[in-house]
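Below is one structure, written out as C-alpha cells; the observations come after it.
Any read-out appearing in this document is the output of simple, stated calculations on the displayed coordinates, not a laboratory observation. This is a predicted model, so every value here is computed, not measured. Quick reminder, even Gly has a Cβ in these numbers, built from the backbone with ideal geometry, and neighbours come from all protein chains shown.
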Amino acid sequence: MLPGNFRYIFFDADDTLWQNEEFFREAERRFARLLSGFADEDRIVEVVTRKQEENIPVFGYGSKTFLLSMLDAAAEICGDAFDAALYLDAKRIVTELACHEFELMDGVEEVLSVLSARYSLAVATKGDLVEQLGKFRESGLDKYFHHIEVLPTKSEDDYLMMARKLDIRPDEILMVGNAVRSDIAPVIAIGGTAIHIPYKVTWHHEMMEMPVSDRLFEIKSIRNLPELLL
C-alpha cells in the first residue's frame, strides 16, 4: 500500500478519466489537410503550435483557444487568401472536435467505485469552464466525486488554492494524472504525492522532464490504482 495519509485523491480529467488529446491531434491533421495547398503539414503544425503558446496565457485552455490558434495560423500562412470559406471550414473542424463521441478510459468507473468507498475523490482539471463541466456531466462520474475544480493553469499556486478550499494540507494530496507538467511536477513541488499514468498521446505543451521524488509513482493503467491504495 502506498505510504501517506491522504485525505483526498485528486484526479486529472482529460486523458486520465476520459480520452481527449487524440481528438485534438486528429483535428490538427484535418486542419493541415485543409491548408495543404499553402504549406506542408510540418509547417502548418509548427505555426499552430506557436500560436497556441501565444494564446494560452491570454485565453486559457480548451477547444476555443485551439480554434483561435488555427485561425491565427491560417491568417499567417494563407495571407490574403484566407477567406470566409477557410474560416468556416476551420470552425467546422473544431465544432466537430467539441462534439466528438465521449469515451471513458478503460476501467475508470470500476476503479472509482472501489476507491470512493475509502477515500474522498476530487477532479482537478483545467480548460474552459463550460467545456470541462460539460464533459464531467456527460461522463456520469459525478456520483463518485466530492468536488470538481476547473483550475486556470494547474500550477503550484492553483493546487495550494484547491487544498485551502478543501481544508487539507499539501502533504494530504494524492494526484493521479498523465501530464507531467500539469499533474505531477507542481504537486510534487508543494509536498504532495503523485501517481503518473502515461497516455499514448502527449500534448507538446505538457512535456517536461519527470521530477525525481520518493513521493512519485508510475503505473501502466488506472486499473492498477487499487493495488497501490487498498
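Data table
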item: Summed side-chain charge close to Glu21 - residues other than Glu21 whose Cβ falls under 11 Å, Lys, Arg +1, Asp, Glu -1; result: -4
item: Low-density loop positions, chymotrypsin sites (Phe, Trp or Tyr not before Pro), the stretch 59-135 - DSSP coil, at most 14 other Cβ in 10 Å; result: Phe102
item: Choice from Val48, Val187, Val201 with maximal GNM fluctuation in the chain (Cα, 10 Å cutoff); result: Val201
item: Sorted by Cβ density within 10 Å, fewest first, the residues Phe11, Phe6; result: Phe6, Phe11
item: GNM result for the chain, Cα springs below 10 Å: residue of Gly60, Gly37, Gly192 fluctuating most strongly; result: Gly37
item: Sparse-neighbour loop sites [GluC sites (Glu not before Pro); the stretch 146-190; at most 12 other C-beta within 10 Å; DSSP]; result: none
item: Per-residue Cβ neighbour rank within 10 angstrom, fewest leading, Ser221, Ser213; result: Ser221, Ser213
item: Helix-only mean residue ellipticity at 222 nm for the chain, each DSSP H run of n ≥ 4 adding -39500 (n - 2.57), per residue, nearest 500; result: -13500 deg cm²/dmol
item: Environment charge at Asp158 (Cβ cut-off 10 Å; Lys +1, Arg +1, Asp -1, Glu -1); result: -1
item: GNM result for the chain, Cα springs below 10 Å: residue of Ala74, Ala179, Ala13 fluctuating most strongly; result: Ala74
item: Compactness relative to 2.2 N^0.38 Å, alpha carbon Rg of the chain; result: 1.09
item: Relative contact order of the stretch 21-98, defined on C-alpha pairs under 8 angstrom at six or more residues apart (%); result: 38 percent
item: Rounded Å value of the spacing that divides the Cα centres of the stretch 209-230 and the stretch 159-200; result: 12 Å
item: Residue exposure sequence - Asp83, Asp89, Asp15 - by fewest surrounding Cβ within 10 Å; result: Asp83, Asp89, Asp15
item: Anchor Lys91: lysines whose Cα lies under 26 Å away (excluding residues fewer than 8 positions away in-chain); result: Lys51, Lys64, Lys126, Lys135
item: Cβ-placed point charges (K, R +1; D, E -1), dipole of the chain about Cα centre in debye, nearest 20; result: 540 debye
